[in-house]
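Engineer: Take this structure, written in structure tokens, and hold onto it; I'll ask about it next.
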Amino acid sequence: MWAHRARTAASALSLVLLVSCSTPQRQTGAPRPGRATLDLAALRPVIVGRGAWHADEHAVQDRPVYDTSVRAVFLHHTDNPNTYDCRTDVPAMLLAMEQRHIALGWDDLGYNFVVDRCGTIYEGRGGGVDRAVRGAHSEGFNAGTVGIAALGTFGRGQPVPLPMLRAIAAIAAWKLAPSVDPLGKVRLVSSNDRSRFPKGTAVELAAISGHRDVYETDCPGDTLYAALPWIRRTAAHLRQAATVRR
């Protein structure tokens, strides 16, 4: 009798252990993957303001126009000689550029940013570097984009200085909307028949493109255009380094 009770108890214990080990256990407090956030403050490059190049604010024809975000960057060159002195010549060059653009009817300097061969970044068009100021740089595709001009001429056989390339990539990484991949494509719509595409045409373009991609021009020059893949990769790497998980 006692042996029978012992066998019964052992069988019941085995069943309890089997049920306990076979039932999935509910986990509480399991870590969740953090949400990635782009630290825009960490990305922001040093920018020299308009006062440093003596922008003629009284000559500006109209108030700035603002967009909700920046979806693409267009790269330009200014066709100036490449032999300028970064410290002494650039302010006068920028002022002359502003005056010429105003005479063309563009209200202010057309480019949002200008970068010299030493890698110094200058505020171009007024309105605030931290805002999405609409420039006058890429006919038909000014809305929701930023124009960055390389100060100089970069046709075939004219190398682009590395500090200039790094500065261009830094601006692009900072100004593009967080949702835009510097290595990716964006869909833009032409607003002007004078561009490569009739007004109303939807176009898929690289998020970081050259002026020639939307207008009949050789701008930004062959060597600078050839550097676009490097600029895109560098901008993407800068963003990756500035991404934090919360």
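The values are calculated or read from the model by the stated rules, or taken from the named source; none is laboratory data. All figures in this text were calculated on a predicted structure; none of them were measured in a lab. Quick reminder, even Gly has a Cβ in these numbers, built from the backbone with ideal geometry, and neighbours come from all protein chains shown.
Engineer: Would you call G200 on the phi > 0 side of the Ramachandran plot, small (G, A, S), touching a strand residue (DSSP E or B) at 6+ places or on another chain (Cβ under 6 Å) and modelled with pLDDT of 95 or more? Steps first, answer last, please.
Structural biologist: Values: on the phi > 0 side of the Ramachandran plot: yes; small (G, A, S): yes; touching a strand residue (DSSP E or B) at 6+ places or on another chain (Cβ under 6 Å): no; modelled with pLDDT of 95 or more: yes.
Here the answer is no, as G200 does not meet what is asked.
Engineer: A further question on this structure: Taking H237 and the conditions (1) more than 21 Å from V46 (Cβ to Cβ); (2) free of Cβ contacts under 8 Å to residues at least 40 places away in the same chain; (3) assigned to a helix (DSSP H, G or I), which numbered condition does it fall short on, given that it satisfies the others?
Structural biologist: Going through the list (1) more than 21 Å from V46 (Cβ to Cβ); (2) free of Cβ contacts under 8 Å to residues at least 40 places away in the same chain; (3) assigned to a helix (DSSP H, G or I), H237 breaks only (1).
Engineer: Given the condition surrounded by fewer than 17 Cβ atoms within 10 Å (Cβ to Cβ) and within 15 Å of A167 (Cα to Cα), answer yes or no: does some residue in segment 233-240 qualify? Spell out how you get there, then give the answer.
Structural biologist: Residues of segment 233-240 that are surrounded by fewer than 17 Cβ atoms within 10 Å (Cβ to Cβ), as a first pass: 233, 237, 240.
Adding the requirement that they be within 15 Å of A167 (Cα to Cα) leaves 233, 237.
Looking through segment 233-240, at least one residue is surrounded by fewer than 17 Cβ atoms within 10 Å (Cβ to Cβ) and within 15 Å of A167 (Cα to Cα).
Engineer: Another question about this same structure. Tell me which strands (runs of 3 or more DSSP E) are completely within segment 123-218 and hold 3 or more residues being surrounded by fewer than 19 Cβ atoms within 10 Å (Cβ to Cβ), or say none if there are none. So that I can check it myself, show each step before the final result.
Structural biologist: On the way: elements: 145-150, 185-189, 202-206, 208-210.
Because the criterion is at least 3 residues that are surrounded by fewer than 19 Cβ atoms within 10 Å (Cβ to Cβ), the strands (runs of 3 or more DSSP E) in segment 123-218 that meet it are 185-189, 202-206.
Engineer: Answer yes if at least one residue in segment 78-91 is surrounded by fewer than 17 Cβ atoms within 10 Å (Cβ to Cβ) and touching a Phe, Trp or Tyr at 6+ places or on another chain (Cβ under 7 Å), and no otherwise. Please lay out each step first, then the result.
Structural biologist: As a first pass, look at segment 78-91 and keep what is surrounded by fewer than 17 Cβ atoms within 10 Å (Cβ to Cβ): 79, 81-83, 85-89, 91.
From what is left, the residues that are touching a Phe, Trp or Tyr at 6+ places or on another chain (Cβ under 7 Å) are 91.
Yes - at least one qualifying residue is present in segment 78-91.
Engineer: Regarding segment 144-151, can at least one residue be identified that is within 19 Å of E216 (Cβ to Cβ) and modelled with pLDDT under 95?
Structural biologist: No, the conditions are met nowhere in segment 144-151.
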